[in-house]
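FYI, it's all coordinate maths here, none of it is from the lab. The model shown is predicted, which means the values in this text are computed figures rather than measured ones. When we count neighbours, we look across all protein chains shown, and the Cβ atoms used for this are built from the backbone with ideal geometry, even at glycine.
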Amino acid sequence: MKQYLLSIYQPDAPPPPEVMARMDEIMASVNALVEETKAAGAWVFNGALHPPTTATVVRLERGDVLMTDGPYAEGKEHIGGFLIVKAADLDGALVWGRRLATVLSDGANSLPVEVRPFQGETEDR
């Protein structure tokens, strides 16, 4: 089985009041989906991230290691959380991606979920 990263992108702004009012319900749905991936044997790892303002970027420049506060790139959205799943192929991973986007929706719109395979994966994993 191959492993796929399901990245959840969220706006840099705080959630609107109507989303905050439903946050417990949304998180319960996300947790239920994680439990479903575990029961299906598809779960590898998942987590939520602190805001990008908590990031530290480390890079080598002219032989010196430099560390800077904040995200590497400024943007209007950031990765807020992720789920790594095992699936036989991209179609199988997209099933989990669709399910995740559904539980992150308000019925009409959803946070974007990017589905990407890891490099070097074999069918044996």
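A compact table of results
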{"quantity": "Theoretical FRET efficiency, 1/(1+(r/R0)^6), r = Cβ-Cβ of T102 and T56, R0 35 Å, to 0.05", "calculated": "0.55"}
{"quantity": "Packing-based order for 75-86, 22-33, using average beta carbon neighbours within 10 Å, highest first", "calculated": "75-86, 22-33"}
{"quantity": "Rounded to whole Å, sorted largest first: equivalent-ellipsoid semi-axes of the chain, Cα gyration tensor", "calculated": "27, 23, 11"}
{"quantity": "Theoretical ellipticity at 222 nm over the chain - DSSP helices of four or more residues, -39500 (n - 2.57) apiece, nearest 500", "calculated": "-8500 deg cm²/dmol"}
{"quantity": "Debye intensity ratio in log₁₀ form over the Cα atoms of the stretch 1-71, taken at each q of 0.11, 0.22, 0.26 Å⁻¹", "calculated": "-0.48, -1.07, -1.21"}
{"quantity": "Phi-based couplings in Hz for the stretch 81-92 (Karplus 6.51, -1.76, 1.60; Gly and Pro marked x)", "calculated": "x, 7, 9, 9, 10, 9, 8, 5, 7, 4, 4, x"}
